[in-house]
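Report on the structure given below.
The values are calculated or read from the model by the stated rules, or taken from the named source; none is laboratory data. Note that the coordinates shown come from a computational prediction; the quantities given were computed from them, not determined experimentally. No Cβ is skipped: glycine too gets one built from the backbone with ideal geometry, and neighbour counts run over all protein chains shown.
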Amino acid sequence: MKHNFNIIRCFLLIAFLTGSAGSPSPAQAQAIQHPRRTPIVEAFQKNKDAVVSITGKQLVRESNPFWGFEDWGLFRPRLQARPFLGSGFVLDNRGYVVTNAHVVSGALEVTVIMADGSQFPAETIVASESLDMALLKIEPKNPLPTVQLGRSDDLMIGETVLAIGNPFGYQHTLTDGIISAVHRDMQIEDKEFPNLIQISAPINPGNSGGPLLNINGYVIGMNTAIRRAAEAIGFAIPVDQLRENLAKILYANIQDDRRIDFGAKIVDFPPPDNQTQILILRKGVLIQSVRPDSAADLAGLRSDDVITAVAGTPTNSAINFYLELLEQKLDQKIEFEIWRKQNDSTNSPKKQLNISVTLKERPKPDAADLALNMFGINVHSLTERQIDNYGGAAEPGYIAVSSVVPRSPADNSGIVKGDLIMVINNTPIQNLDSLGYKLETISQGSLVNITVYRSKNTRWGREIWKFDAKLKAQSPDKKNTPHQNRIDL
């Protein structure tokens, strides 16, 4: 009898426990149905369709087999087209793909291959070699699956991370590991990469540009490098760094490269510190600054305005905002939905406004004219044949000094004919466009640091000297005499 009573008690306990628990959640039900479906499997399934392969051909310069005898004329380096392979991930469903800049550097053609095997030609929208970030654009027929960006300011040493990519061409390979360290500084060839995430997940050739995920499936970084002759050491750019810097280079692309006169710099709200802030977090992006007399300024946008929508499309990040701006056409009115403070107090009430802005094209600066009138130098772009005079330090299109106006700022600083202009105020100068964009930001009377390379023939052959000049910019409106505009090659 006592034995039967114990059996009844067990059945009642089981009934109570199952009844109090209620119906299992969808995730629990799926785990019960698929007991091998781990969080790693979930994270991969969540992101696999948004990870892409990137292939194509890029120009590379042949290495010199006669190293050390460059000036003897035994070898003339040539550019060759070679195939390349990398990874990337879809950031916006309209076809915007993020990858490393070194993956597509010098590319003649770029092809993006989706998880289902479909292929699309890609255009490079922006690329920064110094930041090793690039944004590509493809034209899909339907909206694409995308990744979700997480945050990297709360990473924990030892937490599980996942890398998806195409190592050695093996598409959609998943590797896992842990975060070994954060805030690592690394030098790859001649480039410095600060504040990287060090991971133990294998990062092999072809993985570059792919996403680094946390166990919840959010992107916390972009895989970018491996350390040669080492095992289980990989590096990734933190997603917070990616988010901030990609927005900056998009802003520069819109303002300088595409010459679109918008004039407002947009930033994200800082990440929330606690759960309460997450619950009350506002939607939209913040206007950090507005350039005087720009389209945004003339339309009435102000610093500290919060933009919640562009042309009827909600915007929740600076990257998303600039991508939306790229989709708009020039000379058409674009409506911005904003919230504005009523006064300068922290808890000021806010009002909603709709402001229309008409985007106009900015004229491209005349680099040669600015260089002449600001510094007193005539400049020209190097040809393929002329670069031999600089012992491999130059590329076609680099800027050389054709002549110097006597008693001009350049003349007084020691710049001479033949000098190669390499850097102005820490900005590399690689062609006439980059020279013009830099010079238009320099105000009259400001001190300017210019780094030039100077080629000299010595008894031992040609030598390249680095020379730093400091000069004061004169007014761009100051005109020189007509004969000084002639280029003396």
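Looking across segment 191-224, the residues that are in contact with a Pro (Cβ under 6 Å, 6 or more places away or on another chain) and assigned to a strand (DSSP E or B) come down to Ile197, Val219, Gly221. Checked against the criterion of being surrounded by 18 or more Cβ atoms within 10 Å (Cβ to Cβ), at pLDDT below 95 and under 26 Å from Tyr96 (Cα atoms), segment 175-185 has at least one qualifying residue. If Gly117 satisfies every condition in (1) out of contact with any strand residue (DSSP E or B) (no Cβ under 9 Å at 6 or more places or on another chain); (2) of a type outside the set (Lys, Arg); (3) at pLDDT 95 or above but one, which is the exception? Only one criterion is unmet by Gly117, namely (3). Only a single criterion out of (1) part of a loop (DSSP other than H, G, I, E, B); (2) of a type outside the set (Phe, Trp, Tyr); (3) in contact with a Leu (Cβ under 9 Å, 6 or more places away or on another chain); (4) not assigned by TED's automatic domain parsing to the domain that holds Gly95 is not satisfied by Val182, namely (1).
Of the residues Thr276, Thr308, Thr315, which is modelled with pLDDT under 90 and polar (S, T, N, Q)? Please lay out each step first, then the result.
Details: Thr308 fails: modelled with pLDDT under 90; Thr315 fails: modelled with pLDDT under 90.
Answer to the check: Thr276.
Being surrounded by fewer than 17 Cβ atoms within 10 Å (Cβ to Cβ) and not polar (S, T, N, Q) is a property that Leu435 lacks.
Cβ-Cβ contacts under 9 Å between residues 6 or more apart (or on different chains), taken from a first residue in segment 308-324 that is closer than 16 Å to Val98 by Cβ to a second residue that is surrounded by fewer than 16 Cβ atoms within 10 Å (Cβ to Cβ), are listed as Ala318/Glu244; Asn320/Thr313; Asn320/Pro314.
Condition first: of a type in the set (Asp, Glu) and touching a residue at least 12 places away in the same chain (Cβ under 8 Å). Now tell me which residues in segment 125-154 satisfy that. Within segment 125-154, Glu129, Asp132, Glu139, Asp153 meet the criteria. Residues that are more than 20 Å from Ser130 (Cα to Cα) and modelled with pLDDT of 90 or more within segment 186-203 comprise Ile199, Ser200, listed in sequence order.
Please work out if Ala50 is modelled with pLDDT of 80 or more and closer than 15 Å to Ile164 by Cα.
Details: modelled with pLDDT of 80 or more: yes; closer than 15 Å to Ile164 by Cα: yes.
Here the answer is yes, as Ala50 does meet what is asked.
Filtered by the rule that a residue be over 12 Å from Val98 (Cβ atoms) and either modelled with pLDDT of 95 or more or not polar (S, T, N, Q) (or both), segment 120-130 gives Phe120, Pro121, Glu123, Glu129. Just one of the listed residues (Thr124, Thr175) is assigned by TED's automatic domain parsing to the domain that holds Glu192, assigned to a strand (DSSP E or B) and touching a strand residue (DSSP E or B) at 6+ places or on another chain (Cβ under 7 Å), and it is Thr175.
Screening segment 294-398 for strands (runs of 3 or more DSSP E) wholly inside it with 2 or more residues that are under 25 Å from Ile254 (Cβ atoms) returns the ranges 306-310, 333-341, 350-358.
With respect to the stated conditions, Phe269 is on the phi < 0 side of the Ramachandran plot and either in the same structural domain as His102 (by TED's automatic domain parsing) or at pLDDT below 90 (or both). Here Asn457 passes the criteria (1) under 20 Å from Ser402 (Cβ atoms); (2) at pLDDT 85 or above; (3) not aliphatic (A, V, I, L, M) except the one numbered (2).
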